[in-house]
Structure formats: C-alpha cells, structure tokens
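Reviewing the structure listed below.
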Amino acid sequence: MDFSKILNLFHGGQKSKEGVRNDMALTKIEINPMTRLEGHGKISIFLDEKGNVDNAFFQVVELRGYERFVQGMPIEEVPRTVSTICGVCRAVHFTASMKASDGVYNVEPTPTARKIREIFFNAHYVEDHAAILYALGFPDFVVGPTANPAERNLIGLINAVGAETGKLVLKKRFAAVKILEMLGGKPIHPVAALPGGWSKRVTQDERKEIMALAEEMVELGQLTLKIFEDVVLKNPEYVKLVTGDVYKVVTNYLGSVDENDKVAFYDGTQKFIDTNGKEIARFKGKEYLNYIAERVLPWSYLKMPYMKQKGWKGVVDGPDTSLYSVGPLPRLNVASGMPTPLAQEAYEKMYNVFGHKPVHNILAYHWARAIELLCAAENIRELAKDESLCNPDVRSKLGPASEGVGIVEAPRGTLIHHYVTDEKGIVEKANLIVATTHNKGPINVAVKRAAQNFIKDGVVNEGLLNMVELAYRPYDLCLACATHALPGRDPLQIDIYDCDGKLYKTLKNF
Amino acid sequence: MDFDRRSIERKGKTVVLGIGNPILADDSVGIKVAKMLEGFVDTYVLMTTDFDVLDVLFGYERAIIVDGIRSGDPPGTIKELTPENLPNVLTYSGSHNISLFATLKIGIEILGDDMPKDIRIFTIELLDVDTFSTDCTPMVQKAIGEVVERIKMLVTASGKCKIF
C-alpha cells in the first residue's frame, strides 16, 4: 500500500480532519481515542510487501480546549486556571502565563519578584526531574530496558536499590515541594502570580529556610548523578545502548540561553541550532511566530511544529530535516554550558563521554535531566543567599493591556503562552505550544526507527511494545493529563497493518 | 528535615485528600468533597496521583482519599476501597500516569510506618469529564453529600474509638 501518496494528498490540511476521518481511503488509520482525558497513545504501523516497516505513526489526543476556555477571562486569573491543564506541570503553565501577563500589561517584574519567581520555578524543576528520573529513567536501566513493564517501574527500582535510598530521595525531593508551597501562597496549587510581580513577600526566616532546603536539593542532585554513573556509566552494555544508533534521532534543537549563552530555565533568549550544532536563529517573545510553523496532519489532532525558515520537509530526521526537538538534552545541546559550577562539571563529563556535540541519542535525555536537577538546586542556593530577596518591592505599576507572550523552559521543553486581550485585560485570543507538541515529529521518527528495528519480515516480537515505549519515554510525554480519574492508566495500543491495509496484529498494554 | 517535622505535626491525625480537576465537570467531585470538609478535618486537593500523594499522606495516622472513577457503574455510584483492592495498575509510560495503586504501593514500601495505618478510598462513578465546567452532573452531585456524611461519621468514630 503506497501510504506516502495518501499522506501527501492531505499534507497541508487541504481537507479538514473531520473530512479525513470520513474518507474511506483512510479508514485504516485509527484516530478514534478510547479516552480523551487520560491521554491516549495509539501507534499505527504499516508494513510493506515484505513485511518490513513502511511507516509508523504515533497518534496522541491532547486536550486543547483551554485556549478557548480562557477567552473572556481576566488575564490575571489565567495563571491559576491554566495550572489545571496538568496536575504534574502545574507550575510551568502558571509561570508561562504569568510571564505572558507581564507582556499584556507591558511591565517587567521587580528585581525581587523576579528572584522569587525564579526560585519557585527552579524548585518545580527539582521535584519534576526527580519524579521522571526515579519513576521512569532509572527503572529502564536498573531493572532493564526489556524487562516486563510490571517490574520495570519504581517498585522494581526500590527492590534493586533498597527502600532506604528510596526514602532518602523522597525526603530530599520534598524540600522542593516545601519551597513551592512556601512561595506559591497555597499548598500544591500556586496562587501568588501577579502581572509584573508576586503577591507574597519572603521573610528573612523563609529565606534562611530556603537556603537550608537548597542544600538538601543539591545533595539530591549529586546523589542522582552518582546513581546514574553507578548504574549506567559503569555498565558497558548500557553505555552502548545510550550512545548507540537505535535510539538516535537527528534533528535541530531549540532551547533558551542566558546572556552568557548558558542554559536558562525561567527566562532567556530562545536559540535554534542545526543538526551539526551551528546556531541558525535566535528569537524572543512574539518573534516565535516568525520561526515556528505548525503543520496540520491528517492522522492526528495534534499539529506538528517545524522550523519555518527550513520549510516543511516531512516527518524525517537527518541533516536536511526541519523538525526540531526541545527538552533537557536539546537545552544542553543548544547552550555553551551550565550556569552553575557543579552542573558545569557534569555537563563537561557527559559531552566527553559522547565526544561530540550536539548529542542526538535520546536516551541521554535522562542524563541531561540529572544534570539539570543539580543545576536547578544550585540556582536556588545562589538566589537564596541574596538578602534582597526579602525586599518589599514585589509589584510593578501596570501599563495599558494588549498582548503578551510568556516563554519558559518547562522541564519537558520550551513552553509558549500567547494571549491577546482587550484594553481591560480580558482575554480575546490564546495560543499555547507545549513541549510535547514541539517534540511530536522527533517522537514519530523515534517510534518508527524502533519499529523498524524490531519488526523484520512480518515477524512481530512481543517485546516490541517495550522497545517502542523506550523510544518515547525519554521525552516524558505530557498528554491530556488534565484529569486523573481512576483507574488511571495510559493506554497504548499498537496496530500493525499489512501492505493491503488489513489489520495484522494488535499489541496493548491495557 | 521538614519531612520529619511534618510527620510530628500530623501524628495521630486524619487527612482527607480530594483528587480531580476543578474545572472538568464530574472530575471535580473528589475536590468538592474535600472542600466541604475543610475545617472539620485536615484536607488537601491534588490533580495528580503521583508522588505528591505521598507528600500529602506522609505522617498522618489515617487517610481518606476521594476520587472519581470510570468503571462502568451507574453515575454517582459510591464505592469504598482499600489500597489492596484498587485497580491493580503498576505500569506507566510516563511520569504523568503513575496510578494511585502504584503510588500507594510505593509509599507503603518506602515510607513504611510513616504512611497512614489506615487508608480508605471513596470512589464516585463519573458521567461527564469532557465538559469545561465547575459543576457536576446531577447524579454525581447527589453523591457528594453522602460521601461527606460518611467521612464525617468515620472521622468522628475514629476520635472516639481510635480505630477509624
């Protein structure tokens, strides 16, 4: 079946998605989600006449209704509302929309407010990166990448490293949670955002407590890197897996850098590099529209972003690709180093092991994540040393309302919130581009490559599900996780079609 | 440090944790129950079932978790479960979908005696989790009051007889 011809017919969105779904020629492409809200991953794999992989598609359903829901809402209410987009990523949507609200009112946060925001945001990095690494990254290596998923999880990790280590990690991660609660103004869900400021001052006692908590988090960062070194770097097989070609996706990269070209989480300039590491563009704020285009695809509700200057080149990687990746590894690839000393040492070690930059091996996302965890902890330690953190100037005078863009480096990658308001600050339009959307193209490439490696001559190995999951786990997808109603699983189904488009085999993890 | 301090502050106490999304119709049901119990007992709300659950439960003597469920029962159906008879889901493909079962199992294995001795989970069958709304559908709304009363009775009884 010449599937590429069918896809080319629809590239560019000449037909509406509804039309595509109703088109009999495309009935082999399953788009129907089993459940919208828990995030549904569906992979469709198409085989050629010889039973080898012709193409593979990773389809996700993302809840995008928030862009409409916030219309008519005062911009200052938006951070508290969009923090419900995702229970895990709550602080990042909160921060990006808060920065956008600065833009709407044409105001910069005061120096004190900015420092508080940065500590808050870095604390989120520590808790989120720790969760991903210990729940997702380490089990792949400690328990084994091909182990049964029922064992390849945190419980398997605890069995391997011991409950005491697990308890230590949880306790040190809690230091970050404590800071989020202290600064956010409310346990779990922050409420302290203000356009041009922050509604809650920091007392000297709180500053000293943050300093002590920062030491705990730095220790967590060091412990995490040590575990990575002991488990992965001292095992030649795992080093081979991390540095090998099976899980390699060659794309351009996007990340934020500070004025010294170092990795920046809360604020910075957004920088693109090509597949060889050469800088090809920088932008700030609304300029993102000049550099990022989104392709409507017939087989997914989620648009696929690509670099506007390079033009649409398809869902392919390699030197000519216009796809780009975001997240921990891309951030390190894009920057010339880390802003803090201990993280810089770890950064140099990672690139020494690979011997080149940029690194395209996606399993290195976890390594980069561990380095960033340490960096975020060091950032907090440095910021909390400054006694001016307790200054009373936490609010700026607002200008007239109009339009604002807030860009942060969320733990999973560049996050863009863009709002247009009326003169009273009531939202009229909203556009959100989240990390998983940026990474949609690279994830598809990774999934296809894994499928090509594990389906040969029509023989479908039952372990395929594991190996394909391994291809997208490093990105730690944020699907439509807006609700977590029980039973709370993320169904993944792989449908394999033969060259005539007939369903050949289905694998499920549910 | 703070983890241990929190453990001392919570010793002997009960917490009610409501889980859901406050603006997705019936999915807000767990949060609504927790909000109605504010002032009566320690309450928290979460939009996730990951490690944050352990941060909330750590150190408490007893925990009551309220969450929506989609199991095919009629909307508004109330069930009372224990961690052992939650849907047994240990697999996850990302940090966003660690199940409540897995999180509680992890907590019990890692934190041991620092986890509540009694954990009960009230589930309420949902109908609509697609619509942006702060209101629940009528049958689900009706279940909220009953769950609140049942939790009040449990908490009151626990204060008298020291079991639950």
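When B:PHE51, B:PHE40 are screened for being out of contact with any Ser or Thr (no Cβ under 6 Å at 6 or more places or on another chain), crowded, with 19+ Cβ neighbours inside 10 Å and touching a residue at least 12 places away in the same chain (Cβ under 8 Å), only B:PHE51 passes.
Every residue, every condition in (1) within 8 Å of another protein chain (Cβ to nearest Cβ); (2) surrounded by fewer than 20 Cβ atoms within 10 Å (Cβ to Cβ), yes or no:
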residue	(1), (2)
A:PHE120	no, no
A:HIS129	no, no
A:ALA163	yes, yes
A:LEU168	no, yes
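Here A:ILE380 passes the criteria (1) over 16 Å from A:PHE228 (Cα atoms); (2) in contact with a Phe, Trp or Tyr (Cβ under 8 Å, 6 or more places away or on another chain); (3) part of a helix (DSSP H, G or I) except the one numbered (2).
Restricting A:ARG369, A:ARG395 to residues that are outside any strand (DSSP E or B) and more than 30 Å from A:LYS448 (Cα to Cα) narrows the list to A:ARG395. Tell me which residues, restricted to segment B:13-23, are farther than 18 Å from A:ARG80 by Cβ and buried (at least 20 other Cβ atoms within 10 Å of the Cβ). Matches in segment B:13-23: B:THR14, B:VAL15, B:VAL16, B:LEU17, B:ILE19. Being crowded, with 24+ Cβ neighbours inside 10 Å, in contact (Cβ under 8 Å) with a residue 12 or more places away in the chain and of a type outside the set (S, T, N, Q): is that true of A:PHE283 here? So A:PHE283 fails the test.
This table checks each residue for (1) modelled with pLDDT under 85; (2) within 23 Å of A:ILE380 (Cβ to Cβ); (3) touching a His at 6+ places or on another chain (Cβ under 9 Å); (4) assigned to a helix (DSSP H, G or I).
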residue	(1), (2), (3), (4)
A:ARG117	no, yes, no, yes
A:ASN122	no, yes, no, yes
A:HIS129	no, yes, no, yes
A:LEU136	yes, no, yes, yes
A:PHE141	yes, no, yes, yes
A:LEU157	yes, no, no, yes
A:ARG173	no, yes, no, yes
A:LEU183	no, yes, no, yes
A:PRO187	yes, yes, no, no
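Only one entry in A:LYS429, A:LYS440, A:LYS448 is charged (D, E, K, R) and surrounded by fewer than 17 Cβ atoms within 10 Å (Cβ to Cβ), namely A:LYS429. Looking only at residues in segment B:47-60 that are at pLDDT 90 or above and not in a helix (DSSP H, G or I), which one is nearest to the other protein chains (Cβ to nearest Cβ)? Looking at residues that are at pLDDT 90 or above and not in a helix (DSSP H, G or I), I get B:PHE58.
The set of residues in segment B:61-78 being more than 10 Å from chain A (Cβ to nearest Cβ) and either assigned to a loop (DSSP other than H, G, I, E, B) or open to solvent by 30 Å² or more (accessible area, probe 1.4 Å) (or both) consists of B:GLU61, B:GLY72, B:ASP73, B:PRO74, B:PRO75, B:GLY76, B:THR77, B:ILE78.
In the set A:LEU225, A:LEU220, A:LEU233, which member is surrounded by fewer than 21 Cβ atoms within 10 Å (Cβ to Cβ) and in contact (Cβ under 8 Å) with a residue 60 or more places away in the chain? The conditions single out A:LEU233.
Scanning segment A:348-366 for residues that are part of a helix (DSSP H, G or I) and small (Gly, Ala, Ser) returns a single hit, A:ALA364.
Taking the criterion of being of a type in the set (A, V, I, L, M) and without any contact (Cβ under 8 Å) to a residue 24 or more places away in the chain, would at least one residue in segment A:193-210 satisfy it?
Of all residues in segment A:193-210, those of a type in the set (A, V, I, L, M) come to A:193-194, A:202, A:210.
Narrowing further to those that are without any contact (Cβ under 8 Å) to a residue 24 or more places away in the chain: none.
Checked segment A:193-210: no residue is of a type in the set (A, V, I, L, M) and without any contact (Cβ under 8 Å) to a residue 24 or more places away in the chain.
Taking first residues from segment A:403-431 that are on the phi > 0 side of the Ramachandran plot and partners that are open to solvent by 10 Å² or more (accessible area, probe 1.4 Å) and part of a strand (DSSP E or B), the Cβ contacts under 6 Å between residues at least 6 apart in sequence or on separate chains come to A:GLY425/A:PRO74. Among the residues here, A:GLU259 qualifies as within 24 Å of the chain's Cα centre (by Cα) and part of a loop (DSSP other than H, G, I, E, B).
Only one of the numbered conditions (1) within 13 Å of chain A (Cβ to nearest Cβ); (2) in contact with a strand residue (DSSP E or B) (Cβ under 7 Å, 6 or more places away or on another chain) is not met by B:SER7, and that is (2). Residues that are modelled with pLDDT of 60 or more and among the hydrophobic types (A, V, I, L, M, F, W, C) within segment A:471-491 comprise A:ALA471, A:LEU477, A:CYS478, A:LEU479, listed in sequence order. A single member of A:VAL326, A:VAL408, A:VAL359 is under 24 Å from A:GLY196 (Cα atoms), crowded, with 24+ Cβ neighbours inside 10 Å and in contact with a helix residue (DSSP H, G or I) (Cβ under 7 Å, 6 or more places away or on another chain), and it is A:VAL408.
Just for segment B:110-154: of the residues that are within 12 Å of chain A (Cβ to nearest Cβ), touching a residue at least 12 places away in the same chain (Cβ under 8 Å) and acidic (Asp, Glu), which one is least open to solvent (accessible area, probe 1.4 Å)? Among them, the one singled out is B:GLU125.
I'd like to verify a number: residues in segment A:77-108 that are modelled with pLDDT of 85 or more and assigned to a helix (DSSP H, G or I), how many?
So the first thing to find is which residues in segment A:77-108 are modelled with pLDDT of 85 or more, and the list is A:77-82, A:91-108.
When the remaining residues are screened for being assigned to a helix (DSSP H, G or I), the result is A:77-82, A:91-104.
Counting residues in segment A:77-108 that are modelled with pLDDT of 85 or more and assigned to a helix (DSSP H, G or I) gives 20.
Taken over segment A:417-439, the criterion of being of a type in the set (A, V, I, L, M, F, W, C) and either in a loop (DSSP other than H, G, I, E, B) or modelled with pLDDT of 95 or more (or both) is satisfied by A:VAL420, A:ILE426, A:VAL427, A:VAL434.
If you go through segment B:98-109 and pick out every residue that is more than 9 Å from every other protein chain (Cβ to nearest Cβ) and either more than 16 Å from B:ASP67 (Cα to Cα) or free of Cβ contacts under 8 Å to residues at least 40 places away in the same chain (or both), you end up with 1. Buried (at least 21 other Cβ atoms within 10 Å of the Cβ), assigned to a strand (DSSP E or B) and either modelled with pLDDT of 90 or more or facing another protein chain (nearest Cβ under 9 Å) (or both): is that true of B:ASP26 in this structure? Criteria not met by B:ASP26.
Scanning segment B:101-133 for residues being outside any helix (DSSP H, G or I) and touching a Leu at 6+ places or on another chain (Cβ under 9 Å) gives a total of 13.
The values are calculated or read from the model by the stated rules, or taken from the named source; none is laboratory data. On a predicted model such as this, the values are computed, not experimentally measured, just so you know. Cβ atoms come from the backbone with ideal geometry, glycine included; neighbour counts cover every protein chain shown. Note: accessible area is taken over every heavy atom of the protein model, side chains too, but ligands, DNA and RNA are not part of it. Shrake-Rupley method; radii C 1.70, N 1.55, O 1.52, S 1.80 Å.
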